[in-house]
Structures are given as C-alpha cells and as structure tokens.
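Undergrad: Structure incoming, see below.
What follows is calculated from the coordinates using simple rules that are stated; it is not laboratory data. In this text, all values refer to a predicted model and were calculated from it rather than measured experimentally. No Cβ is skipped: glycine too gets one built from the backbone with ideal geometry, and neighbour counts run over all protein chains shown.
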Amino acid sequence: MRATSRLTLHSQLAALVRRKPVTAAPETSLREAVQSMAEYGVGSIVVVEPESGRPVGIFTLRDLRRCVADAAFDLDRMLLSVMSQGELLVLNWRATIYQAALVMARHDVHHVIIVDASGRMAGVVSQDDIYELQSGGGKAISGAIRNARDLEGLVAAADDIRRLAERMLREGAAAEPLTQLISSLNDHLTVRVVELTQHEFVLPKVRWCWLSFGSEGRFEQTLATDQDNGIVFAAPRETAATVRAAFLPFARAVNQRLAACGFPLCKGNVMAGNPDLCLALDEWKDKFHAWLQAASPKALLNATIYFDFRPLYGEEALTEDLRTWLLGTAVGGPLFLRFMAENALRVAPPLGLVRDFAFDKDGEFPHTLDLKASGARLFVDVARILALANGVDATNTAERLRALAARGKLGRDDVGALVDGFYFIQLLRLRQQQEGVAAGMENRIDPDRLNELDRLILKQAFKQAKKLQSRLQLEYRL
C-alpha cells in the first residue's frame with residue numbers, strides 16, 4: 001500500500017512531500033536549470049537563497065515556454081531574471097493538504113512551496129500529488145471549474161460533482177474521503193462564483209473574506225445541502241455600515257448564483273446577503289461575545305451554526321484573528337460551554353431498551369430514524385464543545401476528535417471507533433440522498449430496510465455516540 005493511501009485532505013503537507021526538492025541558486029543559468037528539470041523529471045525548480053535556504057522564486061514549464069517565445073531568448077541568462085516571483089505560494093509544512101488545494105485553485109497555479117518552521121525550503125506539492133488522494137474525475141472537474149467563464153459552465157460543473165459523488169458511492173467509497181471530496185469541489189465552485197461575480201461590482205477597498213458555516217465549515221457536506229455563508233471585513237465601527245451596504249448587492253448576487261448551481265437559499269437566511277452576516281471583524285466579535293454571555297435557546301442554536309466557520313476566499317488573516325479570539329474567549333467562559341453541553345445532551349441516540357432501536361413520534365415518517373438530528377449531530381455537537389473548551393482550532397468533527405485524543409482528552413484507543421461510528425452514519429445519509437427519496441426522508445431511514453450487518457453497525461455507531469455523550473456528562477458533571 002502506498003503511503004498516500006493513508007492520507008486525507010486534513011493531513012499535514014509534510015506527509016505529502018515525498019522527495020528532496022529540486023532547487024537552484026538565483027545565479028544558476030537557465031540552461032543548467034532546464035537540464036536539472038529534465039534529469040529529475042520535474043516540472044518546476046525552486047530558486048532558494050544559498051545561505052538561508054529560503055525560497056525566493058520558482059521556475060516552471062510555463063515560465064520556460066514564455067522564455068522560448070521571447071525574441072531575446074538566452075539559455076545563459078540567470079534564473080533570477082526569468083523566475084516567477086508573483087506566483088510564489090508558500091505554506092508551512094503543518095498546513096493541511098486541503099489548504100494547499102484551495103490555494104492552488106484560487107491562484108490558478110499548479111505548485112505550492114512547503115517550508116519548515118524556520119522558513120527553509122522543505123519540498124514542493126503539486127496538484128497531481130493532491131489528485132492522487134481523490135477518486136478519478138476530481139481533477140477534471142476542478143479544471144472545468146477553474147476554466148469556467150460564466151454561470152452556465154459552473155452549473156454544469158455542479159452537476160458533474162453530484163454525478164461523481166454518486167458514482168463513488170456506487171463503487172463503495174468510504175464516507176470520510178467522499179465528504180472531503182464533495183466539500184473540496186464545492187469549495188472550488190464557490191470560490192469561482194465569488195471570483196467571477198466580484199468583477200461585476202465596485203467593492204470597498206478593504207480587506208475582506210468570504211466565510212462558510214455549518215456543514216460546509218466542517219468539510220462535511222452531503223449530497224443535500226443548502227447555503228451557510230457570510231462575510232467578514234476590516235473596517236472601523238464608524239464606517240462599517242457604509243462598507244456593509246456596498247458589499248450586500250455583491251453578496252446577494254453570489255447567493256443567487258450558488259442557488260442556480262444547486263445550493264438552495266438557506267431558509268434561515270444564513271447567507272452573506274443578510275446584513276446581519278456581513279460584518280466587520282469587531283462586529284463579529286461583538287456578536288459571538290453576546291452569544292457567549294447568553295444562555296437562550298437562540299444563542300445556543302447560533303453557536304452550533306456559526307462557531308464552525310472557516311475562510312473560503314479573501315483575506316484569511318481576518319478569519320484567523322476571529323478564531324483565535326473565539327477560542328480564547330470560549331475557554332475563559334465555561335458557563336456557556338456548560339449550557340451548550342446541557343443542550344447537546346437533550347437528544348439521545350435512538351437505542352431501545354428491548355429492541356435494537358427506539359423510534360421518535362414523527363407521524364409523517366413512522367418507524368424511521370433521523371440520522372442527522374439523532375445521529376451525526378450528536379458527534380458534531382460534543383466534538384465542537386470539547387474542541388472549544390480545549391482550544392482546538394479544527395472545525396471538522398473527525399479532526400476535532402483526533403486532536404482531542406492527541407491532547408489526552410479522549411482515549412487514543414477509543415477515537416478510531418468514534419470516528420468510524422460518525423462516518424458510518426454519514427454514509428447512510430449519503431445513500432439515502434443518492435436514492436432520491438421523498439422530501440423529508442433525506443436524513444431518515446427505516447432500519448428494517450438495512451441488511452443484518454448494516455443494522456448491527458448502525459447500532460454500534462449509536463453506542464459510540466452515547467459513549468461520547470457520556471464523556472461530555474463527565475466533563476461537566478451533568
């Protein structure tokens with residue numbers, strides 16, 4: 001088994017660096033650089049400072065084509081004069097593979113440079129390296145999204161994403177890589193919608209970032225998902241209203257175009273076109289602080305949606321500032337976390353005392369189990385609370401659980417079963433949605449329709465949810 005088969009999009013970039021990078025000094029001639037690229041069979045060579053080992057540029061096959069087309073083409077020119085500096089994308093080796101994929105999609109480049117903690121060159125990761133982690137078809141769809149020039153092209157790409165996901169389901173894909181692939185491609189699609197739309201509007205000259213919330217913020221999108229998004233921008237309080245007014249027409253246009261691509265408008269209006277979700281950084285902090293000080297059902301509901309935020313497009317530093325502030329504030333406000341814990345424990349896994357399962361009193365869909373509200377959400381809620389309480393900055397449920405185990409907050413032997421239980425329930429949800437069941441049944445299942453093995457695994461998955469809830473009860477003495 002190849003090492004990459006054990007990686008996911010949430011793995012650190014360091015794990016994807018497979019060989020020593022091919023590098024050259026700025027004074028190296030173009031001839032020598034091309035010879036090295038041919039010798040090692042690579043499509044790029046990184047230019048580094050000999051003394052510090054820090055990357056200062058990159059020379060790719062795209063640059064070579066540009067040089068050859070130049071009338072003043074000279075193989076003895078120094079790399080310093082022909083290398084690309086504007087396209088130099090650098091990530092720390094502790095960043096995730098997913099972050100690299102999104103950065104490359106945003107900037108339409110094929111390589112990202114990896115550096116260690118001291119900023120020294122550690123390796124290069126290409127789009128092909130990342131596509132090896134995904135099922136066939138993802139690369140073609142990403143390319144189609146990147147090259148789309150209008151809404152029609154993006155609508156077609158959205159259809160392709162769903163068809164690819166359904167094919168992977170039929171072929172037996174596991175839920176974790178499948179939901180990661182869906183989220184990754186949907187992210188690329190959203191980024192392209194934002195890119196194309198922003199050129200049609202005169203946006204404020206401020207730093208800003210498009211945010212995702214909810215399941216999209218957790219990288220846990222299924223085949224049936226609506227929009228959960230917002231905008232954070234940098235502006236003083238006295239000008240925030242003016243800046244917001246300028247952003248809203250653009251945000252509403254993006255929301256409408258995402259709807260055309262198959263992401264329905266959120267019934268709860270959790271969208272960037274809502275003035276309450278297009279806020280300056282300090283306004284977001286005020287909103288989060290107000291929820292942390294309250295114990296109302298609305299504040300607790302808002303926490304389950306908005307606290308799972310992450311950046312999609314724009315100035316990610318704004319989002320990092322907000323997350324750092326939230327984690328620090330949440331750790332210092334244990335009372336709200338206790339209220340969140342009490343709320344999370346109000347729904348128990350549907351396990352029966354006599355029979356395998358206990359059914360709710362839903363008159364429209366009797367003898368069914370709600371895999372979202374009584375299954376996946378139980379894992380999501382507990383993981384969120386424990387992550388906030390322990391300063392874990394991940395938003396994905398499985399990654400939160402793994403990070404908690406690494407910190408000794410969950411048993412290392414237990415976390416694998418917890419993650420497997422969560423993703424089995426997600427897999428059943430995906431299968432339901434693939435079958436095109438009646439409205440309202442997308443997340444419900446009649447356990448009698450499952451085979452004996454799936455029934456047994458589902459029961460064990462619910463037991464893992466109960467075990468995780470017991471950990472929360474112990475933590476907060478509930």
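Undergrad: Search the structure for amide H atoms under 5 Å from the amide H of PHE213, placed 1.01 Å from N in the peptide plane, and list their residues when 5 or more places away or on another chain.
TA: Under 5 Å from the amide H of PHE213 lie the amide H atoms of ASP228, ASN229, each far enough along the sequence or on another chain.
Undergrad: Let me ask something else about it. Which links in LYS285/LYS467; LYS287/LYS372; LYS139/LYS372; LYS267/LYS287 stretch past 32 Å when you go from one Cα to the other? Intermediate results must be reported in sequence, preceding the final value.
TA: Working: LYS285/LYS467 34 Å; LYS287/LYS372 27 Å; LYS139/LYS372 30 Å; LYS267/LYS287 21 Å.
Cα-Cα > 32 Å for LYS285/LYS467; rest within.
Undergrad: Report, for the chain, the % of DSSP beta bridges that are antiparallel, rounded to 5. Mind showing how you got there, number by number?
TA: Details: 25 of 33 bridges.
Once the DSSP bridges in the chain are tallied, antiparallel ones form about 75 percent.
Undergrad: Could I ask something else about it? Hey, could you grab the Kirkwood Rh for the range 3-131? Inverse mean 1/r over distinct alpha carbon pairs, Å, one decimal. Show your work: numbers first, answer last.
TA: Numbers: mean 1/r = 0.0666 Å⁻¹.
It is 15.0 Å.
Undergrad: Among GLY332, PRO349, LEU369, which residue has its Cα furthest toward the positive end of the charge dipole of the range 316-439, with +1 on Lys/Arg Cβ and -1 on Asp/Glu Cβ?
TA: Value computed over the given set: GLY332.
Undergrad: Which one of GLY43, CYS67, THR8 is farthest out on the positive end of the charge dipole of the chain, using unit charges on Cβ (Lys, Arg +1; Asp, Glu -1) and the Cα centre as origin?
TA: THR8
Undergrad: Would you mind working out the magnitude of the charge dipole of the range 323-478 relative to its Cα centre, with +1 at each Lys and Arg C-beta and -1 at each Asp and Glu C-beta, to the nearest 20 Debye?
TA: In debye, rounded to 20, the range 323-478 gives about 580.
Undergrad: Once the Cα gyration tensor of the chain is found, what semi-axes does its equivalent ellipsoid get, as square roots of 5 times the eigenvalues, in whole Å, sorted largest first?
TA: Working: eigenvalues 336, 137, 107 Å².
Rounded to whole Å, the semi-axes are 41, 26, 23.
Undergrad: Of VAL17, VAL90, SER118, whose Cα points farthest to the positive end of the dipole of the range 3-131 (charges on the beta-carbon: +1 Lys, Arg; -1 Asp, Glu; origin at the Cα centre)?
TA: VAL17
Undergrad: Restricting to DSSP H runs of at least four residues, report the calculated mean residue ellipticity at 222 nm for the chain, -39500 (n - 2.57) per run over all residues, nearest 500 deg cm²/dmol. Could the numbers behind the result be given before it?
TA: Values: 17 runs with 239 residues, N = 478.
When only DSSP H runs of four or more count, the value is -16000 deg cm²/dmol.
Undergrad: Note down the magnitude of the dipole of the chain about its Cα centre, charges +1 on Lys and Arg C-beta and -1 on Asp and Glu C-beta and zero elsewhere, to the nearest 20 debye. Don't jump to the answer; show the numbers that get you there.
TA: Numbers: 58 positive and 58 negative charges, 225 e Å.
Computed about the Cα centre, the dipole is about 1080 debye.
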